[in-house]
Amino acid sequence: METRFTINISLQGPAGKITYGQFSLGRDKKEASEIFSQLKGSAEDAPGCSLKIEFMEEIMELPILIGTKNCNLDELKENIAIISKEIFRIAHLENGNIDGNTG
């Protein structure tokens, strides 16, 4: 069974959700969970418009929500820096192979 972990970034408002970013965290659940735990924000829903970060597990391309955080713009900026740094670290350790694919 093929599993991968992602973080989706969206804007949540009265008209619905607009997803505008996605980061692939690879296939290691422990490592992906550790990255998500470093992110700034609150698990509580924010009134009105909010920036939402969703931690997803995809099993056979079916997304399962594991966790969410709501954040402000400054927290989002920090979160993107954290995610980018961790993806770079993982890719460097695995010779650029974040998803674990060969070839």
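The values are calculated or read from the model by the stated rules, or taken from the named source; none is laboratory data. Just so it is clear, the model here is predicted, and its values are computed rather than measured. Virtual Cβ from ideal backbone geometry, glycine too; neighbours counted across all protein chains shown. SASA here: full protein model, heavy atoms, side chains in, ligands and nucleic acids out. Shrake-Rupley method; radii C 1.70, N 1.55, O 1.52, S 1.80 Å.
Table for the structure above
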{"quantity": "Pairs, first at positive phi in the stretch 13-28, second modelled with pLDDT of 90 or more and hydrophobic (A, V, I, L, M, F, W, C), C-beta under 8 Å, six or more apart", "calculated": "Gly26/Phe5; Gly26/Ala32"}
{"quantity": "Residue ID - least open to solvent (accessible area, probe 1.4 Å), chosen from residues in the stretch 19-45 that are acidic (Asp, Glu) and at pLDDT below 90", "calculated": "Asp45"}
{"quantity": "Number of positions in the stretch 12-51 that are closer than 26 Å to Glu2 by Cα and not small (Gly, Ala, Ser)", "calculated": "15"}
{"quantity": "Cβ pairs under 7 Å, 6+ apart, first in the stretch 35-54 and under 19 Å from Thr19 (Cβ atoms), second open to solvent by less than 30 Å² (accessible area, probe 1.4 Å) and modelled with pLDDT under 90", "calculated": "Cys49/Gly13"}
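Conditions tested, residue by residue: (1) open to solvent by 40 Å² or more (accessible area, probe 1.4 Å); (2) part of a helix (DSSP H, G or I); (3) at pLDDT 95 or above.
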position	(1), (2), (3)
Ile9	no, no, yes
Gln12	yes, no, no
Lys17	yes, no, no
Pro47	yes, no, no
Glu54	no, no, yes
Ile64	yes, no, yes
Lys69	no, no, yes
Ile80	yes, yes, yes
